[in-house]
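Contents: one structure, followed by commentary.
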Amino acid sequence: MLGNRPYHLVIFGASGFTGQYVVEEVARTVSEGPGGNLKWAVAGRSKQKLEKVLEQAAGALSKPELRTEVDIIVADVQEPDSLAAMCKQAVIVLSCVGPYRFYGEPVVKACVENGAHCIDISGEPQFLESMQLNYNNQAADKGVYVIGSCGFDSIPADLGVIYTRDQFKGIPTVSTDTDDCVHLYSFCQGASIHDGTWQSAVYGFADSQKLQSLRRKFNHKPLPTAGSKLKRRGALFFSNEIQQYSVPFMGSDPSVVKRSQRFLAEEYQSTPVQYGAYVGVGGLGSVIKLIFAGMMFWLLVKFSFGRSLLTKYPEFFSFGAVSKAGPTRKQMEASSFQLALYGEGYTEDQDPSKGKPNAKIRTLVQGPEAGYVATPITMVQSALTILNESPALPQKGGVYSPGAAFAKTTLIDRLNKHGVQFSVV
């Protein structure tokens, strides 16, 4: 895989809040590289900050060799030549520079033009889908894989749907939205979100109308369905399964899952799984707080002055859920996530055109703190899968969702071994 490139992986944006934890995760997994070895480097604008990140990682992992054995590359999204030089040295670039709508595209462009695969952890549908529209053909010509949303957004959901489909004995048709189907993220009290994630959400909601215009450019035909059509839930409902009020999940998961299902249907003629995503918000008190916060958010996000307020005072407008400092290591250790997928479909002896689904399945994806523990795990294992299992990837390069890229690999098994667990319950 290396050829004339000195590094298997280059972590770009390594001095950012998430990037520093990706550095630690790569350092933990060097023995899982090709031939039991992984050559890697860190990259970013400031050599001093990158040195500090390596110093912190060396202390956190008791690996003093990180201070001297990991190379540093200075590169800046505002300087295309520096990005090109970085990409020419890497088999895979791990892009940790968000919000991706502002900083992500120059990295993708440089990777495609210079023959480096690119993995990011974006949860921004507009960025992800615009990269597919603008770079898919060029990436295919170059044999480059650009795989977005390889973090908590949206590996658990996307691979969770594929896992549920593979475990279902028959024809799965509906996932996570039958009578009591809820896509549930359960965080332990005290969890916190970093300011960068909040900024991505603010600008993503502000540009939501542009996303619809972008999607029309693909000219996609409706996906075929087997049997019953997915019934959408309301804006607020009480879930009997989790005994909580629930709302539609506003993240990138539905977009990413649909892209994967479309690819799998077109490439492998698999039956597309219909998908809906929801999040539990708690009891009546939480609902009242959510309504108030939601109304204020939607009002402010429409105007530049409002967006400025939201990004300047994230802790106030998120009721303390967002912090410019991000969660502490102690908060991360006390936090976890759980995603429940409820599916139904038809047994092998049942004709989907006759009658309602006659079989059900429930699966769980669960793991450690979502944003800065599970996300580095899923990102790094995605990269290691490319390095170790390239024959199992799609036949040609392109811009892919995780489910499209990794459906035929052992990534789920890899994640199970690293604490992100997939199971049937």
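The values are calculated or read from the model by the stated rules, or taken from the named source; none is laboratory data. Just so we're clear, the structure is a prediction, and the values are computed from it rather than from any experiment. No Cβ is skipped: glycine too gets one built from the backbone with ideal geometry, and neighbour counts run over all protein chains shown. Heavy atoms of the whole protein, side chains included, go into the accessibility calculation; ligands, DNA and RNA do not. Shrake-Rupley method; radii C 1.70, N 1.55, O 1.52, S 1.80 Å.
Using just the C-alpha positions of segment 342-425 as equal point scatterers, what log10 of I(q)/I(0) does the Debye formula give at each q in 0.25 1/Å? Computed log10 I(q)/I(0) values: -1.14. Across segment 257-265, computed HN-Hα scalar couplings (Karplus, 6.51 cos²θ - 1.76 cosθ + 1.60, θ = phi - 60°) run 4, 5, 4, 5, 5, 5, 4, 5, 5 Hz from first to last residue, x flagging Gly and Pro. Extending 7 Å from Cα along the Cβ direction at R215 and again at A265 yields two label points whose distance is 1.3 nm. Magnitude of the charge dipole for the chain, about its Cα centre and with charges confined to Cβ atoms of Lys, Arg (+1) and Asp, Glu (-1), is about 780 debye. Rounded to the nearest 5, the antiparallel percentage of DSSP beta bridges internal to segment 155-367 is 85%.
Taking R0 as 25 Å, what FRET efficiency do you get between I291 and T311 from their Cβ-Cβ distance, rounded to the nearest 0.05? Calculated value: 0.65. Taking every protein chain into account, the accessible area of the chain amounts to 45 square angstrom per residue (probe 1.4 Å). Restricting segment 328-388 to GluC sites (Glu not before Pro) that sit in a DSSP loop and have at most 14 other Cβ atoms within 10 Å of their own Cβ leaves E348.
Rounded to the nearest 0.05, what FRET efficiency do A321 and N136 give with R0 = 41 Å and r taken as the Cβ-Cβ distance? Could you check? It comes to 0.70. Compute the Cα gyration tensor for segment 207-300, then decide on rounded, prolate or oblate, letting a ≥ b ≥ c be the square roots of its eigenvalues: rounded whenever a/c is under 1.5, prolate when a/b is larger than b/c in the other cases, and oblate in all that remain. Cα axes put segment 207-300 in the oblate bin.
Only alpha carbons enter this Debye calculation for the chain, each as an equal point scatterer, and the log10 of I(q)/I(0) it gives at q = 0.06, 0.08, 0.11 Å⁻¹ is -0.24, -0.43, -0.83.
List the chymotrypsin sites (Phe, Trp or Tyr not before Pro) in segment 246-320 that DSSP assigns to loop (not H, G, I, E or B) and whose Cβ has at most 14 other Cβ atoms within 10 Å. Which are they?
Loop-located and lightly packed - F303, F319.
The label point for F238 and the one for R67, both projected 7 Å from the Cα toward the Cβ, are 6.0 nm apart. Expressed as a whole percent, how much of the Cα-Cα distance distribution for segment 155-367 exceeds 26 Å? The answer is 43 percent, as a whole percent. Within segment 34-137, list the GluC sites (Glu not before Pro) lying in a DSSP loop whose Cβ has at most 15 other Cβ atoms in a 10 Å radius. Within segment 34-137, the qualifying GluC sites (Glu not before Pro) (loop, at most 15 other Cβ atoms within 10 Å) are E65. Net charge of the neighbourhood of M86, taken over other residues with C-beta under 13 Å away and scored Lys/Arg +1, Asp/Glu -1, is -1.
Of T68, T347, T29, T197, the order by accessible heavy-atom surface (1.4 Å probe, DNA, RNA and ligands excluded), from most exposed downward, is T68, T197, T347, T29. Using a probe radius of 1.4 angstrom, the carbon and sulfur fraction of the accessible surface of segment 308-364 is 52%. Other residues lying with their Cβ under 12 Å from the Cβ of V202 contribute a combined charge of +1, Lys and Arg counting +1, Asp and Glu -1.
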